[in-house]
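Below you'll find the structure, written out as structure tokens, and then a few comments.
The values are calculated or read from the model by the stated rules, or taken from the named source; none is laboratory data. The model shown is predicted, which means the values in this text are computed figures rather than measured ones. With ideal geometry, Cβ positions are generated from the backbone for all residues, glycine too; neighbour counts draw on all protein chains shown.
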């Protein structure tokens, strides 16, 4: 087709497409501001190019209604939408460059907040009794796990959460890296969520992470007769200024706490669980044996 007399490639989208998972969280003020800014810039560039909405919608391959929603800040534009819009409007990469801001908006607010705290932490103490911890999950394992939730997530929501978990793994790449302690339950390492190949790749990844100098990974054997983790998971993040924040479903309804008394309780519980689990060296050997059986 042509816009203003110039031929342009029709985008990859589906006319009228308005899939779930790309709405803006009405309680996320930062996301609302970002999406509104991106939408306003798209509208201004479209109008400056003299392109009407029907022409633009056909060129990018999406429905007119979706174009209006994106320009009014009610929908998050897909990366490919921005790429095609950049080409159609001759923006020279300026529109496509907004993909980084949009990518961050796609992560749920609670995940962004957690990632920001993890990025500041100098020490993390983490125990998850239900799953392999999110920071340790491979994309394939995370996708399999999220796909099993009921009520089911949409495919878009699954990919959104997977991307968020993968992005959080940047904590391992920091220099200097924080001290990271993980305690995992044996049964979570045995259940082949997603299939045997997914589990094998996950166990191999655990071994790679466990051998990092700043990581202590421990396994809690199922046969243990004493277990201080029966009240649920624990997260304690400590910062360079001496402050800390913790969270557990058994305390304050699962909300983050910074009160010293509550933090001491969480650290006490974590310390006992760590003492009851296999040592880091024993845990690596244990995972190696599991990998051999898988």
Some residue of region 67-83 being crowded, with 20+ Cβ neighbours inside 10 Å, assigned by TED's automatic domain parsing to the domain that holds residue 257 and more than 30 Å from residue 197 (Cβ to Cβ): no
Hits in region 213-236 (condition: buried (at least 22 other Cβ atoms within 10 Å of the Cβ) and part of a loop (DSSP other than H, G, I, E, B)): 229
Any hit, region 248-257, residues being free of Cβ contacts under 8 Å to residues at least 40 places away in the same chain, in contact with a strand residue (DSSP E or B) (Cβ under 7 Å, 6 or more places away or on another chain) and on the phi > 0 side of the Ramachandran plot: yes
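From the set of residues in region 84-106 that are surrounded by fewer than 16 Cβ atoms within 10 Å (Cβ to Cβ) and assigned to a helix (DSSP H, G or I), which is modelled with the highest pLDDT? Step through it out loud before you land on a result.
Looking only at region 84-106, we keep the residues that are surrounded by fewer than 16 Cβ atoms within 10 Å (Cβ to Cβ), and these are 90, 92-94, 97, 100-101, 103-104.
Pick out the ones that are also assigned to a helix (DSSP H, G or I) and you get 97, 100-101, 103-104.
Numbers: 97: 89, 100: 79, 101: 79, 103: 74, 104: 71.
Residue satisfying both the conditions and the ranking: 97.
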